[in-house]
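Derivation of every value follows stated rules applied to the coordinates shown; laboratory data play no part. Since the structure is predicted, the reported quantities are computational estimates derived from the model, not experimental observations. For neighbour counting, all protein chains shown are included, and Cβ atoms are generated from backbone atoms with ideal geometry for every residue, glycine included.
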Amino acid sequence: MEDKFLKEEVLAFIAILSVLFLFYLYYYTTKRKVFLNLIIRFINPSISGESLEFVSDKLAGILFTGISPFVIFVLIINILPLKIGFTVGRTIQLWYLLIPLTAITALISFFSSKSQKIQGISPELRIKNWYPCHLFLSVLGWLFYILGYEFFFRGILWFLCYGAFGFWPALVINILLYSLVHLPKGKLVTIGAIPVGVIFCLLSHFTGSFYPAFLIHACMAILTEISSVFHNPELHFRLSKSK
């Protein structure tokens, strides 16, 4: 029993250190535009600079907060995906909670995007005219990014810390790290990450899955992006470039 406990503690500390290290790499590479320069050098796609920067940032996020954690914990350490929330769990049984939460998230995202502070950081795809291709690019980029992001936080980090330390320490650790990685995005987002993080952790705890946190987080990110375009008089949705 003691050996098992020590092993769980070790896994939890690896998860904590992985969050700190991989998010450092993510912010370091995006700030220095490492992926953007690589894409330009080896592919040189014929898309706008704003779209290219958005794609490169999301690719960096997918690599460091999604693919890398999966490789480390599932393929190398050999943890069963089921043990770190990669399962439906009780998600379907708790539909009566998830539907209202999703609806509330949608409303908050829509109305909060009227704020100039929110419009200052959203949309991340900083283009003036949004055509259907840009909408598709934004939705797809956010979906894959948030999938890896929530698997890391509310999957790996939550379940490993919960198994090693129990509910309250796992919650505190998760919220502290979740707020910490939002510091580069400003005070407003960092503070907002606290209540949001608590809700996501509770969802993972009661469902045994990170899927609900992913779905609601993705809904929040995508709707904030789209609503920010809708509410910003300097940005416009266009059906055709001919117009």
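Between residues in region 22-40 that are crowded, with 17+ Cβ neighbours inside 10 Å and residues that are in a helix (DSSP H, G or I) and among the charged types (D, E, K, R), which pairs lie under 6 Å by C-beta distance while being six or more apart or on different chains?
Sorted first by the residue in region 22-40, then by its partner, the pairs are Thr30/Asp57; Leu36/Glu53.
Restricting to region 35-81, name every residue that is assigned to a helix (DSSP H, G or I) and farther than 18 Å from Leu25 by Cα.
Correct list: Ile40, Arg41, Phe42, Gly49, Glu50, Ser51, Leu52, Val74, Leu75, Ile76, Pro81.
With respect to Ile104, is the statement that it is in a loop (DSSP other than H, G, I, E, B) and free of Cβ contacts under 8 Å to residues at least 12 places away in the same chain true?
Here the answer is no, as Ile104 does not meet what is asked.
Please verify whether Thr190 is without any contact (Cβ under 8 Å) to a residue 40 or more places away in the chain and touching a helix residue (DSSP H, G or I) at 6+ places or on another chain (Cβ under 9 Å), treating the condition exactly as stated.
Yes, satisfied.
Any residue in region 105-112 that is closer than 23 Å to Thr190 by Cα, of a type outside the set (S, T, N, Q), crowded, with 16+ Cβ neighbours inside 10 Å and in contact with a helix residue (DSSP H, G or I) (Cβ under 6 Å, 6 or more places away or on another chain)?
yes
Go over the candidates Gly163, Gly155 one by one and state the one that is more than 21 Å from Ala103 (Cα to Cα), among the small types (Gly, Ala, Ser) and surrounded by 21 or more Cβ atoms within 10 Å (Cβ to Cβ).
The match here is Gly155.
Taking the condition farther than 24 Å from Leu176 by Cα, in a helix (DSSP H, G or I) and either without any contact (Cβ under 8 Å) to a residue 12 or more places away in the chain or more than 15 Å from the chain's Cα centre (by Cα) (or both), does Leu11 pass?
Considered against the rule, which asks whether it is farther than 24 Å from Leu176 by Cα, in a helix (DSSP H, G or I) and either without any contact (Cβ under 8 Å) to a residue 12 or more places away in the chain or more than 15 Å from the chain's Cα centre (by Cα) (or both), Leu11 comes out as no.
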